[in-house]
Amino acid sequence: MARLALVTGGTRGIGEAISLALKREGFTVVANYVGSEERAQAFRERTGIPAYRWNVADHQACLENVRMIEERHGPVDVLVNNAGITRDATLLKMTFEMWRDVIEVNLGGCFNMAKAVFPGMRERKWGRIVNIGSINGQAGQYGQVNYAAAKSGIHGFTKALAQEGARYGITVNAVAPGYIDTDMVAAVPADVLEKIVARIPVGRLGRAEEVARGVVFLCSEDAGFITGSTLSINGGQHMY
Ligand code: CAA
């Protein structure tokens, strides 16, 4: 039977590309989203992938929705923690809410979702967890103390959980995308983005599908000896 993969923030941007790539690879895919109902409905119709709405920052909602998904679709074998937001501002202008929201969604979401799926993976002695970090968690980024801290936290979370999962056939890895051609990056002011792209050795933004290929590999049977690692997909912008 096909393995079930759950992708958070899986109906847009990098998450959508991951959902589609996993489906193409033969996984049964379920996506989570929190934003626009209309866009999610278009995604369901376009891809045939079921999508469920809840906020990954809400611990109880994660537990309840994973339980519901497991009842409807079967046990979750693969979790891709992709849901993430930005609230960019320099520290002087960043409010407490901008800090809190980014930490709770980007980092808290990984904890909440892992709590929901890890016990089942452990019992079945097989699991793949891929957390989407960021070049900005590795290198820092002006105007992103919240995002850089959350993404950097994801890298530590990955290495710690990898140690806990290893004996049970559960691998936990991170993918660290650089600047990818998505709505999130399009929101960066054009003059700032131009300077960033000028520093990417490959000379362009990445494509969501290029990140998805890396995620699919880490979710495969073949990747069973890779755990606690970070795969950087950033056009050479930061060599870590
Ligand atoms: N290093 C040093 N100084 C910098 C700088 C940098 N990287 N960027 C800006 N500055 C300076 C500016 O030159 C300016 O100096 P002056 O006042 O002397 O002219 C000062 O800092 C203020 O800059 P801004 O006018 O840009 O400040 P702002 O408050 O209007 O905006 C900002 C600040 C919101 C952070 C804006 O610069 C911005 O959006 N930057 C992009 C942040 C970014 O890369 N976000 C990534 C989003 S995508 C993502 O996160 C996905 C992923 O994982 C990669």
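Here are the numbers for this structure:
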quantity: Nearest-ten-degree value, helix 13-24 long axis tilted from longest Cα axis of the chain; calculated: 30
quantity: Ranked by how many other beta carbons lie within 10 Å on average, peptides 62-71, 209-218, 130-139 from highest; calculated: 130-139, 209-218, 62-71
quantity: Choice from GLY74, GLY169, GLY127 showing the highest fluctuation, given a GNM over the chain with Cα pairs closer than 10 Å; calculated: GLY74
quantity: Cβ-Cβ FRET estimate between ALA139 and ALA2, R0 fixed at 41 Å, reported to 0.05; calculated: 0.65
quantity: The stretch 103-182: relative contact order in percent, alpha carbon pairs under 8 Å with at least 6 residues between; calculated: 39
quantity: Accessible area of the chain divided out per residue, in Å², using a probe of 1.4 angstrom; calculated: 48
quantity: Calculated FRET efficiency for the pair ARG24/ARG207, C-beta based, R₀ 22 Å, to 0.05; calculated: 0.90
quantity: Taking the chain and dividing mean pair separation by its residue count, relative contact order in percent (alpha carbons under 8 Å, at least six apart); calculated: 20
quantity: For the chain, size of Cβ-based charge dipole, Lys and Arg +1, Asp and Glu -1, in debye; calculated: 380
quantity: Of all accessible heavy-atom area on the stretch 38-149, the percent that carbon and sulfur account for (1.4 Å); calculated: 52
quantity: Highest-fluctuation residue, GLY108, GLY156, GLY15 considered, GNM on the chain with Cα pairs under 10 Å; calculated: GLY156
quantity: Linear extension gain, ALA187 paired with THR90, 0.36 nm per residue minus alpha-carbon span; calculated: 33.3 nm
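The values are calculated or read from the model by the stated rules, or taken from the named source; none is laboratory data. These numbers were taken from a predicted model, which means no experiment stands behind them. Reconstructed Cβ throughout: ideal geometry from the backbone, glycine too, with neighbour counts over all protein chains shown. Note: accessible area is taken over every heavy atom of the protein model, side chains too, but ligands, DNA and RNA are not part of it. Shrake-Rupley method; radii C 1.70, N 1.55, O 1.52, S 1.80 Å.
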